[in-house]
Amino acid sequence: MLRPEVVEKLECPSVGLATSWAIGRRSVPCESLAECQSLFKRQYWPFPKAKIGKSSSKAAKLREQGNAAYKQSPDDPAKALELYNQSIAMAEEGSADLGLGYANRSAVYFNRKLYRECLQNIELARRHNYPTEMRSKLADREQRVREQLKETGGSCAAAKPNAPTRHCSIKACLEVGEDGEGIRTNRSLEDGAKVLVEKPFVLVLEAELAYQRCDFCGATNEHNLRPCTGCTGVMYCSEECQEQSYQRYHQFECEIVDDLQLLFRGPKPTRMFHVVLRLFWHAVLLFLEDPEAFLRRVETPAELEQYRDPFALEPTDYVLHLLAIYKDREPNPEDSKDMTGRCVTQFMAILMYAIAVKENVSLWSRLQAVEGSEKLPHLLFRLVQRVAAMDHKMEGVTCFYPFTRRLRRSSTPNAKQSVDEQLQSVVVLTGPVAEGQELTIPDEEKSGQRRNE
Ligand SMILES: [Zn+2]
Ligand SMILES: [Zn+2]
């Protein structure tokens, strides 16, 4: 039985609508996942599914709103650029709206003296059906940019996108602790040494940032973003990010991008479940590659052990790492908080599986044919149990940092961790550290709901 006063005390205070739904139903079993699955009634879940299609009329309207916003505050064009981006994401492939959106963006960049972005957008406008009769306007703008560039010696201040290179740069002085936990140094280090710089391995943006930041790396890139051709929900700072995102998760999410917005709306900690789903897609990729070997790996503790050390892994295996380092735990039947947590976890896993996998037509048709796919809900459940490994305290994004997560916390820490503007997790020593000593960061601040206790 889920009671509101119990839910309030959960580790993750809100899983949005799912929790209220579970509370409303009054009794969701937590005997076993299979039982939860068999009792789950999809028709009780009030979920208006619909994919928002590209639309010329919506694109035109958003572009006009962008024009109005720009007229109102030409010195602070962020709102206008966001509306132009939304218009570009909404524009149908092959329509003039796409070209017009890029052209308007190029004008904003011109006035902001961001000449490289301006030229890029002129080029994009030309490639995307900018009306022939208006092309002289673009040619004029390009001419003026070239003149400006000549005057300034060809240099142009351009925002650089986050290059999707290695996602983490680590001083070679780090390794996993002796007991397989924590991270220690294999040489003595000085106070102030920067020992770890890590990009998020997976990140999820808050919905309101969809037209302001790259869905893959989180870069704002002066709003110079390109849309997904398949949906209206995501944009990218570069072709590389678009490609990486597609390979890692968007191939599974493109079709259901709007359903996922609804599924994971609610208070910010709810987005941790979306991060988990993106890690689950990594598992699905590994499963599709070699179902038998993958299932053997995740079901055999001795095999999973090999994935404990993140320093020895390829990024594609981080999902196995997550399974290896946090043990599946049985709840204490005497502890109602524990049992409620279990219940919500089961429910979330089954609900996510229903919406994101079973009703994801192209994926489901691929999976159904593969032997062993009936084991995937349980795998998702195991990953949902690890939701606490995700970081949701930063504004605007929720991330998973595999290495930072390995650092143990202490009341007498010797390092501190922060997140920089590129969303990289940075760990800096706050005192000298001797060879072989473990690196620790401060105890986590008590979360808001705990403070209320
Ligand atoms: Zn990017
Ligand atoms: Zn898409």
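The values are calculated or read from the model by the stated rules, or taken from the named source; none is laboratory data. Predicted, not measured: the structure shown is a model, and the values here were computed from it. Neighbour counts are summed over all protein chains in view; Cβ atoms, including those assigned to glycine, are modelled from backbone coordinates with ideal geometry.
Going by what's in this entry, would Val428 be described as farther than 23 Å from Trp281 by Cα, in contact (Cβ under 8 Å) with a residue 40 or more places away in the chain and touching a strand residue (DSSP E or B) at 6+ places or on another chain (Cβ under 8 Å)? Talk me through it step by step, then tell me what you get.
Working: farther than 23 Å from Trp281 by Cα: yes; in contact (Cβ under 8 Å) with a residue 40 or more places away in the chain: yes; touching a strand residue (DSSP E or B) at 6+ places or on another chain (Cβ under 8 Å): yes.
Yes: the conditions hold for Val428.
For Ala302, the conditions (1) under 13 Å from the mean Cα position of the chain (by Cα); (2) over 29 Å from Gly99 (Cα atoms) all hold with the exception of (1).
Of all residues in the stretch 250-257, one or more are at pLDDT 95 or above and within 13 Å of ligand 1 (Cβ to nearest atom). If you go through the stretch 235-247 and keep only what is buried (at least 17 other Cβ atoms within 10 Å of the Cβ) and free of Cβ contacts under 8 Å to residues at least 40 places away in the same chain, you end up with Tyr236, Gln242, Ser245, Tyr246.
Take the conditions (1) surrounded by fewer than 18 Cβ atoms within 10 Å (Cβ to Cβ); (2) assigned to a helix (DSSP H, G or I); Arg329 misses just one of them, which is (2). Tell me, yes or no, whether the stretch 323-345 has at least one residue that is farther than 17 Å from Ala388 by Cβ, without any contact (Cβ under 8 Å) to a residue 60 or more places away in the chain and of a type in the set (Val, Ile, Thr). Checked against the condition, which is being farther than 17 Å from Ala388 by Cβ, without any contact (Cβ under 8 Å) to a residue 60 or more places away in the chain and of a type in the set (Val, Ile, Thr), the stretch 323-345 yields no hits at all. Taking the conditions (1) more than 16 Å from ligand 1 (Cβ to nearest atom); (2) free of Cβ contacts under 8 Å to residues at least 12 places away in the same chain in turn, Gln261 satisfies each one other than (2). One residue stands out in the stretch 147-175 among those that are at pLDDT below 75, of a type in the set (S, T, N, Q) and surrounded by fewer than 16 Cβ atoms within 10 Å (Cβ to Cβ): the one that is nearest to ligand 2 (Cβ to nearest atom), namely Thr165.
Listed conditions (1) buried (at least 23 other Cβ atoms within 10 Å of the Cβ); (2) modelled with pLDDT of 95 or more; (3) touching a helix residue (DSSP H, G or I) at 6+ places or on another chain (Cβ under 6 Å) are all met by Met272, apart from (2).
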